[in-house]
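The values are calculated or read from the model by the stated rules, or taken from the named source; none is laboratory data. What you see is a predicted model; the values in this text were computed from it and never measured. Using ideal geometry, Cβ is built from the backbone for each residue, glycine included, and neighbour counts are taken over all protein chains shown. These accessible areas exclude ligands, DNA and RNA; they are computed on the full protein's heavy atoms, side chains included. Shrake-Rupley method; radii C 1.70, N 1.55, O 1.52, S 1.80 Å.
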Amino acid sequence: MQTFETFNVTEQNKFGMASALAMTDFTKCFEPVLFLFGQSGVGKTHLLKAMEEEAVKQNAAIRVRYVTGAQFIKEYNDSVTYGEVADYMEEYCKLHLLLVDDVQDIVYSDDEGAKKMFMRLVTGMKAKARRMAVTFDDTFDSEDRSNELQNELTDGVVAFIE
């Protein structure tokens, strides 16, 4: 089981770890989006799984979902195929905390429908003061404001994990 207690805290990742832990405390205010980025294998997925575990441990009524970027795209396309997009999005809109691993799969996807739906989800969750944490297995240029979805995701707490 991946928990905060089993996460290897270093000087380089302690801000990301503290931010992830703070986001699971629903008794306190926190930015709606936590953006964790860094190379593959540095513990970003571990932090998301720990967040899932901690949020439910603190309050069993909290609705949390962990999903990968590729899984989100596949499920979205399945919902389009079966005419169930509204039901699909309704399930996401009920969440208090959404955890998306490898969000770069959505950000850089050629699937414009899935990208637009994810953007609607992000803005909707932010408007409702719901929380979202995402991981990004890549470096990104914070000065490049050309990717609207990436801009929306980095408009909150951004933590580099190494």
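Computed values, structure above
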read-out	value
Scan of region 74-112 for residues that are within 15 Å of V134 (Cα to Cα) and either open to solvent by 50 Å² or more (accessible area, probe 1.4 Å) or not in a strand (DSSP E or B) (or both), ordered by number	Y92, L95, H96, D102, V103, Q104, D105, I106, V107, Y108
Scan of region 4-22 for residues that are part of a loop (DSSP other than H, G, I, E, B) and surrounded by fewer than 14 Cβ atoms within 10 Å (Cβ to Cβ), ordered by number	E5, T6, N8, V9, T10, E11, Q12
Failed item, numbered, when K116 is tested on (1) touching a helix residue (DSSP H, G or I) at 6+ places or on another chain (Cβ under 8 Å); (2) within 15 Å of I73 (Cβ to Cβ); (3) surrounded by fewer than 19 Cβ atoms within 10 Å (Cβ to Cβ)	(1)
Residue match in region 122-135 (condition: open to solvent by 20 Å² or more (accessible area, probe 1.4 Å), modelled with pLDDT of 95 or more and assigned to a helix (DSSP H, G or I))	no
Within region 45-70, tally of residues that are touching a helix residue (DSSP H, G or I) at 6+ places or on another chain (Cβ under 9 Å) and either within 23 Å of E5 (Cβ to Cβ) or part of a helix (DSSP H, G or I) (or both)	12
Only one of A60, A114, A70 that is of a type in the set (A, V, I, L, M), modelled with pLDDT of 95 or more and over 17 Å from E152 (Cβ atoms)	A70
Qualifying positions in region 8-62 - in contact with a Leu (Cβ under 9 Å, 6 or more places away or on another chain), closer than 17 Å to D138 by Cβ and among the aromatic types (F, W, Y)	F35
Residue, farthest from V157 (Cα to Cα), within region 9-32, restricted to residues that are touching a helix residue (DSSP H, G or I) at 6+ places or on another chain (Cβ under 6 Å) and β-branched (V, I, T)	V9
Among residues of region 23-46, those that are charged (D, E, K, R), open to solvent by 20 Å² or more (accessible area, probe 1.4 Å) and in contact (Cβ under 8 Å) with a residue 40 or more places away in the chain, counted	1
